[in-house]
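Structure first, commentary second.
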Amino acid sequence: MQSTSITPLHTYPILSHFHSINLNKNKNKKSLKLSLRTSKCCCFTLSSTHSCSKDQEKPQNNSYSIDPDRQKSPIINWQEFYSSIQEQEERTQYNEEEEEVPEFELPDHSGIRTNMWWTDLKAALGQRINVEGIVSSLGVFSKDKHLAIPHVNVPDIRYIDWAELKKRGFEGVVFDKDNTITVPYSLSLWSPLASSIDQCKSLFGNNIAVYSNSAGLDEYDPDGRKARILERAIGIKVIKHGVKKPAGTAEEIEKQFGCESSRLIMVGDRPFTDIVYGNRNGFLTILTEPLSCAEEPLIVQQVRVLEVALVNRWSSQGMKPTTHTLLPDCQQCVKDYPL
């Protein structure tokens, strides 16, 4: 019989009672017996039997004995064994931490995305809250109420007699965009106005332009993309500028048309922006009704109602705009029926 026994060099306390596991499949087959016995130490005994009878067992040269007197009995150093396992576990853990897969990240275009997002947000807020308009309104309320009163009032540009204005000596027309020739935030012409725009082009040629607080404004359209789209859609030049109406001068517009602003017409739908800007800079001013309020933010609708109410009140009190030298009787350029 072959017998194998392992005696630990170092003792480890386990339990204070005896555990025995005996696995016997068959008398004539290999038998494995594992015993754990502790009081203060642990002893492992591993026996292997190839014979059915103990009488046939003979010691062999390659057998290990638990006899302490035998010099050739191998001794397993359990302290080194457990230390090597612990070191291996630490190395494995360290390697896993070093090779930890980084979280997936998109390419860093955050600067571009942030700039685009911030530009769009400012454009949306700017069309709802016009800081320049608010500051200008304070001056209008206090001493310049007449600047908010237009020379001409019409439902839309189809009621404007472009031929009469050309005959009176006007050389060019400047349109606001939103709710004057397009619905709010649209980059295409409102289709019912197409015939009036065509007549205006036939009379004034290339001296027609859009001057808007959205398309073409440096703050909200820095690359001019919206201006180019609008130009292709309506066939009218969009003037780029850096200051929102009603603030600013007419310098960019005069440079575009090659004439003084007193020979130009400003057409818009907002009394406290388009009309105040036009009157302050010497234009003939024409106020239109909004094309559509459905697309406008609620705050813009409320401000519009306030503006119109104030203008109507001041007009009823006899307040008038400054007389324009080219058109003393402004009603002469108004049609009874739209084109």
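Could you report the accessible area of ASP144 in Å², rounded to 10, computed with a 1.4 Å probe on the protein chains as they sit in the structure?
40
In percent, how large is the relative contact order of the range 224-339, given Cα pairs closer than 8 Å and 6 or more residues apart?
Reported relative contact order: 17 percent.
With the cut-off at 1.5 for a/c, could you classify the range 268-339 from its C-alpha gyration tensor as rounded, prolate or oblate? If you can, show how the numbers build up before the last one.
Working: a/c = 1.86, a/b = 1.44, b/c = 1.29.
The shape class here is prolate.
Say the cut-off is 27 Å between C-alpha atoms; which of LYS201/LYS255; LYS166/LYS240; LYS143/LYS166; LYS177/LYS255; LYS166/LYS245 go over it?
LYS143/LYS166
Report the net charge of residues surrounding ASP178, where surrounding means a beta-carbon distance below 11 angstrom and charges are Lys +1, Arg +1, Asp -1, Glu -1.
Details: positive: LYS177, ARG270; negative: ASP176, ASP269, ASP274, GLU295, GLU296.
Charge balance in the 11 Å sphere: -3.
Which sequence of GLU307, GLU231, GLU295 reflects their accessible areas, 1.4 Å probe, from the largest down?
Descending order: GLU295, GLU231, GLU307.
Probe radius 1.4 Å, ligands and nucleic acids ignored: give me the carbon and sulfur share of the accessible area of the range 160-221 as a rounded percent.
Working: 970 of 2040 Å².
C and S atoms contribute 48 percent here.
Under a point spin-label approximation (7 Å from Cα along Cα-to-Cβ), what is the GLU251-ARG232 distance to one decimal in nm?
Those two pseudo-labels are separated by 3.2 nm.
Accessible area of VAL311, 1.4 Å probe, to the nearest 10 Å²?
Rounded to the nearest 10, the figure is 10 Å².
Please work out whether the range 148-274 counts as rounded, prolate or oblate from its C-alpha gyration tensor, where a ≥ b ≥ c are the square roots of the eigenvalues and a/c under 1.5 means rounded, while otherwise a/b larger than b/c means prolate and anything else oblate?
rounded
Hey, got the dipole for the range 216-264? About the Cα centre, +1 on K and R Cβ, -1 on D and E Cβ, debye to the nearest 20?
Computed charge dipole of the range 216-264: roughly 240 debye.
Excluding ligands and nucleic acids, what accessible area in Å² is computed for SER202 using a 1.4 Å probe, to the nearest 10?
Near enough 90 Å² of accessible area.
The values are calculated or read from the model by the stated rules, or taken from the named source; none is laboratory data. Quantities reported herein were computed from a predicted structural model and do not represent experimental measurements. So basically every Cβ, Gly included, is an ideal-geometry build from the backbone, and we count neighbours across all protein chains shown. Heavy atoms of the whole protein, side chains included, go into the accessibility calculation; ligands, DNA and RNA do not. Shrake-Rupley method; radii C 1.70, N 1.55, O 1.52, S 1.80 Å.
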